[in-house]
Amino acid sequence: MDNNRVLNILLTIKEARLPVFYQLLAAGFQVRAPVGCGVRDLLQQGLGLDAAYVEDKIQTVFLNGRAVDDFDRTEVPDGAVLALSSAMPGLVGAVFRRQSPLAGMRGVSVAAGACSSIGSRPEGWITLKLFNRVAGDLGPDFLAAGIRLPAGRLAGFLAAHPGLVFETVRIAGEVRPASELPGVLAEGEAGVQLAVQPT
Amino acid sequence: MDKILRINMGAENGPACRTEPLGDYAGMGGRGLTSAIISSEVPPLCHPLGENNKLVIAPGMLSGTTAAMSGRLSVGCKSPLTGGIKESNAGGQAAQVLARLGYAAIVLEGKPRDDTFYKILITKDGVTLEPDNNLRMLGNYDLVDKLKEAYGDKITCISIGQAGVMKLPSASVAITDMELRPTRHAGRGGVGAVMGAKGVKAIVLDDTGMKMRQAADPEAFKAANKLFVKGLRDHAVTGQGLPAYGTNVLTNVVNEAGGYPTHNFAWGRFEGCSKISGETQAETETSRGGNATHGCHRGCVIRCSGTYADKDGNYVTKQPEYETVWAHGGNCGIDDLDAIARLDRMDDDFGLDTIEMGATIGVAMEAGLAKWGDAQAAIDLVAEVGKGTPLGRILGSGAAVTGKVFGVERVPVVKNQAMPAYDPRAVQGIGVTYATSTMGADHTAGYAVATNLLSVGGTVDPLKPAGQVELSRNLQVATAAIDSTGMCLFIAFAILDQPETFQAMIDMINAFHGLNLTADDVTALGQKVLRMERDFNEKAGFTNKDDRLPEFFSKEGFPPHDVTFGVTDAELDSVYNF
């Protein structure tokens, strides 16, 4: 995705239909955030999540596809993919939970080490994925503030949901008919800064 | 629940029923009872479809009571798929109803003298058998409609579809849910083929006039049940995650971990994963007027199921489970939830194990019978099974047979049973369970049940490779015990994390049966069940060479993490050291 060519799109939609967009949150979106710090610092200070929520609700975390056990000693590098989930069912769900007594059953996991403090780190881009309850809890705020994703992915998503009805569509700040969205998104290389807000 | 109903389908003057007391089987239920009967009464070297095999259908120790989550029904036999002992269990209404009718088990025995198929009606007044070959090749949905016409809508059905009648090794036994739909299946191991071999198309249960079973200590039982339910509702998994999204909530997470077997276990991530995830599925169900939170039997407080409707809001099937969505979805490169729901409906109707069928279609795609991601081709292949064409009978015989017929090397089976939706390279401990389970590759054989509480086999160091063997052993023991209670395995999450919930479960059993079981007794029960099963398999000809994963898991690196299965043969051989 070319982050130098970003198209701003704002959609407003009935609140009940907002969960449809959680599919995009699960597929991953880019956020600008401090990098090189630990997972906890990134989530709490970098992204502004509540400390109790991070500790109690975010029970399963993957950094570049590897399960994370130690939020304080696992560094998030620039370009990382960080996936956040609540506690999961099943044997495998339990295996991948943070600090799981079944962690020994994993094939791979993240090695922990010392991390720099957040204040000393530059910003970079990370890909964030929000699953299940975490998407339900945090998704509305991320969507309202805007998420960055490839235009082609948004185009595919909208094509798969032809029944979605938007109250308003703003493209680059101007109100436009929804029918213009496919054409605008046809340039698949461009990035989209997508905000979705309930009416 | 103090008697066993035995039906000899091969009796000289036609099927003959007799009821007998539990005798040596007293105090057992669910898997404990099915495995006890099979291991003591079935010759291990018998043919699974022959006269000496038996099909045992048993509710759990707490079925038919007000205990929450006590609705699992165990179905046991010598498996036509694995050749070893088999217990396959399912939800639905049957366990509760059968227990209230007073039966600890139904045992189908003998070999029919002709190819007549029977329906069996069990009520408070007794048992009647009636030949009805008009039902013979009906799918489960049409069959249940016919049974409703005949017996009313207060019944519960245990039945087989066309696959069971054809005695295919992938055939399941269907159990109706609260809406009297045949959506719950004892799927694994071909138990439906054994029911077909006994000439039984359907068992109809009607508990009209029967009451809930009464506890020895009603007050203590009620109090323990209340605590148990509170524990389930308070827990994040059983109180929130499962009710909201069902088991398919695992799709995104397992995929992210790189453990989601895709294109017949070729790699661990599926590009279309978010399109078929539990989150997307739940949103789709809700927006179409379906239901994303629903129990499979009365007394379920987790309610991990749901109702899947088509684009016009018409019922298609129950909410497909994680393993089904994976097997027919990501494993075959299919990212279309509507197609997966249709495949689930076909499996339920024909009476097929969704895991075995999805894995088989994956092997068929690898063989070139269909292209990856071609949903219509997958639907057409499953339709072949329902029609009983020669190709369909090959596919209905499972992944191992299909792999042999079409010359495929990568066939993900252990003891001929297809692996479920977790690659053993990404989750090595589950590979130990796949390899060593008495059941063949089975994700439920070693579930996450209170390892730390039961302390079976001592303390585990999770950082040592050997820890995976110990964990698998502990979990298999604990799972065997839970399966014997008839409780849904999903209670595992709450009792893993909450000691008071685990104690409440034991208190319920004790209060109901007037016992004084401890955690150690529960462990001993699990070990006893596993020993019986292991002993049967050894006498059936299994050796440690059968406790191995297919060779490709040790040779082929599994993207994205490029891991291979690293547990040694010696470590695998130590699993049963207890």
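A compact table of results
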quantity: First in the stretch A:139-154 and closer than 19 Å to B:LYS275 by Cα, second anywhere and hydroxyl-bearing (Ser, Thr, Tyr), Cβ under 6 Å, 6 or more apart; calculated: A:GLY139/A:TYR22
quantity: The stretch B:266-293, subset out of contact with any helix residue (DSSP H, G or I) (no Cβ under 6 Å at 6 or more places or on another chain) and open to solvent by 40 Å² or more (accessible area, probe 1.4 Å), residue farthest from the other protein chains (Cβ to nearest Cβ); calculated: B:ASN291
quantity: Those residues of the stretch B:156-201 which are open to solvent by less than 10 Å² (accessible area, probe 1.4 Å), within 14 Å of B:GLY139 (Cα to Cα) and part of a loop (DSSP other than H, G, I, E, B), in sequence order; calculated: B:ILE160, B:GLY161, B:SER172, B:THR176, B:PRO182, B:THR183
quantity: Matching option when the condition is more than 14 Å from chain A (Cβ to nearest Cβ), buried (at least 19 other Cβ atoms within 10 Å of the Cβ), touching a Ser or Thr at 6+ places or on another chain (Cβ under 7 Å) and not in a loop (DSSP other than H, G, I, E, B), among B:LEU471, B:LEU525, B:LEU475; calculated: B:LEU525
quantity: Residues (assigned to a loop (DSSP other than H, G, I, E, B), of a type in the set (D, E, K, R) and more than 18 Å from A:GLY152 (Cα to Cα)) located in the stretch A:163-199; calculated: A:GLU167, A:ARG176
quantity: The stretch B:202-225: number of residues that are of a type in the set (S, T, N, Q) and surrounded by fewer than 18 Cβ atoms within 10 Å (Cβ to Cβ); calculated: 2
quantity: Selection from the stretch B:528-540 of residues that are assigned to a helix (DSSP H, G or I) and either open to solvent by less than 70 Å² (accessible area, probe 1.4 Å) or acidic (Asp, Glu) (or both); calculated: B:VAL529, B:LEU530, B:MET532, B:GLU533, B:ARG534, B:ASP535, B:PHE536, B:ASN537, B:GLU538
quantity: Any hit, the stretch B:419-434, residues being open to solvent by less than 10 Å² (accessible area, probe 1.4 Å) and more than 24 Å from B:HIS561 (Cβ to Cβ); calculated: no
quantity: B:ILE106 being among the hydrophobic types (A, V, I, L, M, F, W, C), part of a helix (DSSP H, G or I), over 16 Å from B:GLY190 (Cα atoms) and open to solvent by less than 10 Å² (accessible area, probe 1.4 Å); calculated: no
quantity: Tally, over the stretch B:226-265, of residues that are away from chain A (no Cβ under 14 Å) and either open to solvent by 20 Å² or more (accessible area, probe 1.4 Å) or more than 26 Å from the chain's Cα centre (by Cα) (or both); calculated: 6
quantity: Residue in the stretch B:122-133 that is surrounded by 21 or more Cβ atoms within 10 Å (Cβ to Cβ), within 20 Å of B:GLY196 (Cα to Cα), modelled with pLDDT of 95 or more and out of contact with any Gly (no Cβ under 6 Å at 6 or more places or on another chain) present; calculated: yes
quantity: Residue within the stretch B:338-354 that is more than 20 Å from B:GLY246 (Cα to Cα), in a helix (DSSP H, G or I) and not hydrophobic (A, V, I, L, M, F, W, C) present; calculated: yes
quantity: Residue check, B:TRP326 among the aromatic types (Phe, Trp, Tyr), at pLDDT 95 or above and outside any loop (DSSP other than H, G, I, E, B); calculated: yes
quantity: Where a residue in the stretch B:295-322 is of a type in the set (Gly, Ala, Ser) and its partner, wherever it lies, is open to solvent by 40 Å² or more (accessible area, probe 1.4 Å) and assigned to a loop (DSSP other than H, G, I, E, B), with Cβ under 9 Å and at least six apart; calculated: B:GLY295/B:MET178; B:GLY295/B:ARG303; B:GLY299/B:THR66; B:SER305/B:GLU321; B:ALA309/B:ARG288; B:ALA309/B:GLY289; B:GLY313/B:ARG288; B:GLY313/B:GLY289
quantity: Any hit, the stretch B:411-426, residues being without any contact (Cβ under 8 Å) to a residue 60 or more places away in the chain and within 18 Å of B:LYS555 (Cβ to Cβ); calculated: no
quantity: Contacts under 8 angstrom Cβ, first residue in the stretch A:81-110 being more than 7 Å from every other protein chain (Cβ to nearest Cβ), partner among the aromatic types (Phe, Trp, Tyr), 6 or more apart; calculated: A:VAL81/A:PHE62; A:LEU82/A:PHE62; A:LEU84/A:PHE131; A:ARG98/A:PHE71
quantity: Residue match in the stretch A:148-167 (condition: out of contact with any His (no Cβ under 8 Å at 6 or more places or on another chain), of a type in the set (Val, Ile, Thr) and at pLDDT 95 or above); calculated: no
quantity: Subset of the stretch A:30-80 (residues that are out of contact with any Asp or Glu (no Cβ under 6 Å at 6 or more places or on another chain), β-branched (Val, Ile, Thr), touching a residue at least 60 places away in the same chain (Cβ under 8 Å) and away from every other protein chain (no Cβ under 14 Å)); calculated: A:VAL31
quantity: Test: B:SER70 is surrounded by 24 or more Cβ atoms within 10 Å (Cβ to Cβ) and at pLDDT below 95; calculated: yes
quantity: Test: residue in the stretch B:57-65 that is over 19 Å from the mean Cα position of the chain (by Cα) and not in a strand (DSSP E or B); calculated: yes
quantity: Any hit, the stretch B:311-322, residues being within 29 Å of B:MET487 (Cβ to Cβ), at the interface with another protein chain (Cβ under 9 Å from one of its Cβ atoms), among the aromatic types (Phe, Trp, Tyr) and open to solvent by less than 10 Å² (accessible area, probe 1.4 Å); calculated: yes
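The values are calculated or read from the model by the stated rules, or taken from the named source; none is laboratory data. From a predicted model like this one, the values you see are computed outputs, not experimental measurements. Quick reminder, even Gly has a Cβ in these numbers, built from the backbone with ideal geometry, and neighbours come from all protein chains shown. Each accessible area value is taken on the protein alone, full model and side chains, heavy atoms only, with ligands, DNA and RNA left out. Shrake-Rupley method; radii C 1.70, N 1.55, O 1.52, S 1.80 Å.
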